[in-house]
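The values are calculated or read from the model by the stated rules, or taken from the named source; none is laboratory data. A quick note: this is a predicted structure, and the numbers were derived from the prediction, not measured. Backbone-built Cβ (ideal geometry, glycine too); neighbour counts: all protein chains shown.
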Amino acid sequence: MRVFLNPGHALGGDPDPGCVNSALTLRECDLALTYGSLCGKYLEAAGLEVKLLQSPRLPLRRGRGQ
Ligand SMILES: [Zn+2]
């Protein structure tokens, strides 16, 4: 089984970092990537094929679902 993960917002926070907590220097885009990567490693360890791309713009691909 193949899994595609898009953790949300954009790599590096450009153009949209999501929520930002300046006092704690936390950005939603960074947390999403961290947790998305951990989730991907967990799924790979369970035997799934994982692709991860953090992008606010993904091309639509139709007719490939299984
Ligand atoms: Zn968000």
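When Gly13 is tested against (1) modelled with pLDDT of 95 or more; (2) in contact with a helix residue (DSSP H, G or I) (Cβ under 9 Å, 6 or more places away or on another chain); (3) surrounded by 12 or more Cβ atoms within 10 Å (Cβ to Cβ), exactly one condition is not met: (1).
Checked against (1) over 21 Å from Leu60 (Cα atoms); (2) in contact with an Asp or Glu (Cβ under 9 Å, 6 or more places away or on another chain), Cys39 passes all but condition (2).
Considering the conditions (1) assigned to a helix (DSSP H, G or I); (2) without any contact (Cβ under 8 Å) to a residue 24 or more places away in the chain; (3) within 15 Å of the ligand (Cβ to nearest atom), Tyr35 is excluded by exactly one of them, (2). Any residue in the range 12-24 that's in contact (Cβ under 8 Å) with a residue 12 or more places away in the chain: show its pairings with residues that are assigned to a strand (DSSP E or B) and within 13 Å of the ligand (Cβ to nearest atom) at Cβ separation under 9 Å, as long as the two are six or more apart or on different chains. Qualifying pairs under 9 Å: Gly13/Val20; Gly13/Arg27; Pro17/Arg27; Gly18/Arg27.
For the range 19-41, the criterion of being touching a Lys or Arg at 6+ places or on another chain (Cβ under 7 Å), at pLDDT 95 or above, farther than 27 Å from Arg2 by Cα and surrounded by 11 or more Cβ atoms within 10 Å (Cβ to Cβ) is met by at least one residue.
The condition of being within 16 Å of the ligand (Cβ to nearest atom) and not aromatic (Phe, Trp, Tyr) holds for only one of Pro15, Pro59, that being Pro15. For the residues Glu28, Glu44, the requirement of being away from the ligand (no atom under 15 Å from the Cβ) and either touching a helix residue (DSSP H, G or I) at 6+ places or on another chain (Cβ under 6 Å) or charged (D, E, K, R) (or both) singles out Glu44. Anything in the range 42-57 that is in contact with a Phe, Trp or Tyr (Cβ under 9 Å, 6 or more places away or on another chain) and loosely packed, with under 12 Cβ neighbours inside 10 Å? List them, or say none. Within the range 42-57, Lys51, Leu53 qualify.
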